[in-house]
Amino acid sequence: MNRVAFCVAAAALAALMTGPASAADVKIGVIYPLTGNAASAGQSARDAVHLGAQIVNNAYPDLKNLPLGATAGLPNLGGAKIVLDEADHQGNPQIGQQQTLRLITQDHVAAMLGSYHSSVSLVATAVAERQGIPFLVADSVASNITGRGFKWTFRTTPIAPDFAKAYADFLTQLKQSGRKVDSIAIVNENTDYGTSVGASIVQAAKTANIPVAAQIAYNANSSDVSAQVLQLKTLKPDVVIFVSYTADIILYFKTMKNLDYLPPIIIGDDAGFSDPSFIPNVGDLAQGAINRSAFDIGKPGSNSYIVDQMFKQKYGRDLDDTSARWMEGFLVLADAINRAGSTDPDKIQAALRATDLKADQLMIGYDGVKFDSTGQNIEASTFLVQLQGKQYVSVWPTGRATGRLQLPMKGWH
């Protein structure tokens, strides 16, 4: 064997021994908060993305309505499998920025998915924009993520103004039915997520002629929220809307019980309310809390029901709204890569722009997926669920309801 042939053979043997992803595999970079104050939400999101990859990489005939559900791998890339290249951003924008740059420039991922925290998504998408790599935002809702003229950022989830309008419409209907809704208070954490959603709720309330008694901003890493709860107790609003992450909303409910304060209606803006650790920690204090969600388990045979059963079998719990939005984001990205028939960023970008998925092709309750010129999904939608016992039940709008709205809120009584 000559020297060149020997070197080629040795390299091939080394590749077999180290077992890397095959050349045909498609690498997607994913950043989550796997540690930090939203770690349980990040871990749940990771579980959902892993199941999404399992669905894409293997054939599930029962999921024939889902793009790539019934086939194994990406048919237009010769059956290539998707490989997840993951990183923990810890809820820290600087780390999210660094990890995104590393995944793109060192690991050469074909596309990015992330990030949970809006503050992280803002900087991570800016990195992807500079590098010319598609970044799909599955669940961060700050309006300005898709408001900057970026060409490589796409977002599947509904955003802050969508939720704000849903809350205003819901409260207007309650008022029309005779329920007292003379004032609301908004309590929001003070990063991009809370600030954006809080401002959108204030604007939507103003448009709907619903008085805002106060907007209370706070640090999500606070160890004491007694002052904020006492302020609410003094104001006595008919509705309190919380825009909070996990550790902070758990602290709020414990503090409200300690200070014997319970408003008639509490609405949670997903996030901490949808975290898998919320119900085990304070579910008995939060009975009747209303939460937004785009996911409902649905009827047997539906995409959502089948996927939820798979998730429960794999992880021992149901999908929640956050993890479901992550999975849908991943599936949309995988579908675009398959339609592109390539890992070339320009072709993936073009395929994302051409996305036009209908409601029955999804595993979540959006009306579809179709991106506008800013990269925002104009078919995204949401509904409201209520904590009744150990689970959330869909209660609004009535066309989606699987349970009856129960007011006033029971809390710990």
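The values are calculated or read from the model by the stated rules, or taken from the named source; none is laboratory data. Owing to the predicted nature of the structure, the values given are computational and were not obtained by experimental measurement. Using ideal geometry, Cβ is built from the backbone for each residue, glycine included, and neighbour counts are taken over all protein chains shown.
For this structure, a couple of remarks:
- Wholly enclosed helices (runs of 4 or more DSSP H) of the range 158-267 bearing at least 2 residues under 15 Å from Ala289 (Cα atoms): 160-176, 246-258
- Residue in the range 56-67 that is charged (D, E, K, R) and surrounded by 19 or more Cβ atoms within 10 Å (Cβ to Cβ) present: no
- Restricting attention to the range 202-245 and to residues that are crowded, with 18+ Cβ neighbours inside 10 Å and in contact (Cβ under 8 Å) with a residue 60 or more places away in the chain, the residue that is nearest to Asp182 (Cα to Cα) turns out to be Val239.
- Looking across Lys165, Lys151, one residue alone is more than 16 Å from the chain's Cα centre (by Cα) and at pLDDT below 95. It is Lys165.
- Residue under evaluation Leu103, criteria (1) within 24 Å of Asp321 (Cα to Cα); (2) in contact with an Asp or Glu (Cβ under 7 Å, 6 or more places away or on another chain); (3) aliphatic (A, V, I, L, M), criterion not met: (1)
- Filtered by the rule that a residue be under 19 Å from the mean Cα position of the chain (by Cα) and outside any strand (DSSP E or B), the range 384-401 gives no residues.
- Odd one out for Glu328, checked against (1) among the acidic types (Asp, Glu); (2) crowded, with 17+ Cβ neighbours inside 10 Å; (3) modelled with pLDDT under 95: (3)
- Subset of the range 107-141 [in a loop (DSSP other than H, G, I, E, B) and either under 13 Å from Trp152 (Cβ atoms) or in contact with a strand residue (DSSP E or B) (Cβ under 8 Å, 6 or more places away or on another chain) (or both)]: Asp107, His108, Val109, Ala110, Ser115, Tyr116, Gly132, Ile133, Pro134, Ala138, Ser140
- Residue match in the range 363-385 (condition: surrounded by 19 or more Cβ atoms within 10 Å (Cβ to Cβ), at pLDDT 95 or above and on the phi > 0 side of the Ramachandran plot): yes
- Pairs linking a residue in the range 257-269 that is among the aliphatic types (A, V, I, L, M) to a residue that is part of a loop (DSSP other than H, G, I, E, B) and crowded, with 24+ Cβ neighbours inside 10 Å, with Cβ atoms under 7 Å and 6 or more positions apart or on different chains, are Ile266/Ala289.
- Looking only at residues in the range 318-352 that are polar (S, T, N, Q) and in contact with a strand residue (DSSP E or B) (Cβ under 8 Å, 6 or more places away or on another chain), the one that is farthest from Asn57 (Cα to Cα) is Thr343.
- Whichever residue in the range 132-145 is farther than 12 Å from Val120 by Cα and at pLDDT below 95 and, among such residues, is surrounded by the fewest Cβ atoms within 10 Å (Cβ to Cβ): Asn144
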